[in-house]
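Some notes on the structure that comes next.
The values are calculated or read from the model by the stated rules, or taken from the named source; none is laboratory data. Quick caveat, the model's predicted, so the values are computed rather than measured. Cβ coordinates were reconstructed from backbone atoms using ideal geometry, including for glycine residues, and neighbour counts include every protein chain displayed.
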């Protein structure tokens with residue numbers, strides 16, 4: 001009689017007060033795949049000993065938390081010698097909107113023209129005046145769900161917005177100024193380099209992030225866009241991501257790449273996408289074992 005196949009132990013980083021739809025779907029999909037989930041909830045009081053025990057019983061960790069505070073737990077997990085999807089170092093580049101722009105320019109990936117603003121308002125005013133692209137979008141280098149992202153039509157309005165954002169930010173994180181492109185927001189979800197979903201995020205507001213978009217419908221990916229997305233995945237090295245794009249005429253612009261992408265733009269496809277995430281986690285773990 002063959003011994004029972006060992007279950008793959010997958011740690012799932014979450015930050016929820018109670019189990020929601022996504023967590024239940026992860027459990028359902030994991031059970032089908034003979035996986036065992038260990039929920040590591042970062043919304044609870046952090047106890048280093050409990051955290052270490054939970055992490056060390058897992059074969060691999062998947063991060064389902066988008067907030068910036070997850071960076072330290074990710075680095076701690078890596079210090080424990082465990083593989084995490086996706087690695088903490090990605091936050092230094094991909095989630096940093098300025099470094100993302102720099103990386104795109106380095107690899108000839110089309111993206112909206114962007115400048116980094118000095119933290120001094122007088123100098124920022126001079127930089128914005130020289131940039132001269134109106135309207136302009138002002139963004140903190142780190143942010144999610146459209147927070148600290150504002151559109152300014154004039155220089156005076158831009159300076160006022162910068163001053164307002166910095167007044168609420170103890171650390172006074174840098175801001176970028178980015179040319180405004182009037183476009184719907186196009187989201188492509190990729191898992192292990194595979195395109196698994198493409199939707200248009202429409203909104204009556206100029207913002208078209210997930211929380212502002214009202215309607216999501218699929219769009220077809222042509223050959224040119226597929227090649228661009230493959231290049232983005234290759235350059236950014238993110239295993240599970242959401243690529244946000246804008247369209248200027250016939251040209252595609254890569255706006256940003258999000259780790260921990262939302263999987264609920266089309267609700268009836270959420271379970272399928274979670275299943276694909278878990279399938280990738282298994283492949284990733286097997287590949288890592290072979291490389292040891």
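All conditions in (1) farther than 23 Å from residue 275 by Cβ; (2) in contact with a helix residue (DSSP H, G or I) (Cβ under 8 Å, 6 or more places away or on another chain) hold for residue 40, with the sole exception of (1). Taking the stated definitions as given, is residue 229 under 25 Å from residue 139 (Cα atoms), assigned by TED's automatic domain parsing to the domain that holds residue 206 and touching a residue at least 60 places away in the same chain (Cβ under 8 Å)? Against the criterion (under 25 Å from residue 139 (Cα atoms), assigned by TED's automatic domain parsing to the domain that holds residue 206 and touching a residue at least 60 places away in the same chain (Cβ under 8 Å)), residue 229 does not qualify. Only one residue in 16, 48 is closer than 17 Å to residue 262 by Cα and either at pLDDT below 95 or crowded, with 18+ Cβ neighbours inside 10 Å (or both), so which one is that? The match here is 16.
Could you pull out the residue among 103, 97, 89 that is surrounded by 19 or more Cβ atoms within 10 Å (Cβ to Cβ), farther than 20 Å from residue 45 by Cβ and within 17 Å of the chain's Cα centre (by Cα)? Before you say what the answer is, go through the steps one by one.
Values: 103 fails: surrounded by 19 or more Cβ atoms within 10 Å (Cβ to Cβ); 89 fails: surrounded by 19 or more Cβ atoms within 10 Å (Cβ to Cβ).
Checking each option against the conditions leaves just 97.
When you scan segment 233-271, how many residues do you find that are in a helix (DSSP H, G or I) and touching a residue at least 60 places away in the same chain (Cβ under 8 Å)? I'd like the intermediate steps shown before the answer.
Of the residues in segment 233-271, the ones in a helix (DSSP H, G or I) are 233-236, 267-271.
So of that shortlist, the ones also touching a residue at least 60 places away in the same chain (Cβ under 8 Å) come out as 235-236, 269-271.
So the answer is 5.
You will find that of 170, 165, the residue that is at pLDDT below 95, buried (at least 18 other Cβ atoms within 10 Å of the Cβ) and not assigned by TED's automatic domain parsing to the domain that holds residue 15 is 165 and no other.
Inside segment 124-160, can you point out the residues that are touching a strand residue (DSSP E or B) at 6+ places or on another chain (Cβ under 7 Å), outside any strand (DSSP E or B) and under 24 Å from residue 66 (Cβ atoms)? Working first, answer last.
Within segment 124-160, the subset touching a strand residue (DSSP E or B) at 6+ places or on another chain (Cβ under 7 Å) is 124, 127-128, 131, 133, 135-141, 143, 148-152, 158.
Cutting the leftovers down to outside any strand (DSSP E or B) gives us 124, 127-128, 131, 133, 135, 141, 143, 148, 158.
Within segment 124-160, 141, 143, 148 qualify.
Restricting to segment 74-107, give me the number of residues that are outside any loop (DSSP other than H, G, I, E, B) and farther than 19 Å from residue 239 by Cα. It would help to see each step written out before you state the result.
First, pick out the residues of segment 74-107 that are outside any loop (DSSP other than H, G, I, E, B): 74-79, 84-85, 88-92, 97-106.
Narrowing the set further to residues that are farther than 19 Å from residue 239 by Cα leaves 76, 79, 98, 101-102, 105-106.
Residues meeting the conditions: 7.
Quick one: would you say residue 191 is surrounded by 14 or more Cβ atoms within 10 Å (Cβ to Cβ), outside the structural domain of residue 249 (by TED's automatic domain parsing), under 24 Å from residue 244 (Cβ atoms) and touching a residue at least 24 places away in the same chain (Cβ under 8 Å)? Taking the combined requirement at face value, the residue does not satisfy it. Residues that are touching a strand residue (DSSP E or B) at 6+ places or on another chain (Cβ under 6 Å), closer than 14 Å to residue 87 by Cα and not in a strand (DSSP E or B) within segment 41-69 comprise 64, 65, listed in sequence order. The single condition from (1) assigned to a loop (DSSP other than H, G, I, E, B); (2) free of Cβ contacts under 8 Å to residues at least 24 places away in the same chain that residue 172 fails is (2).
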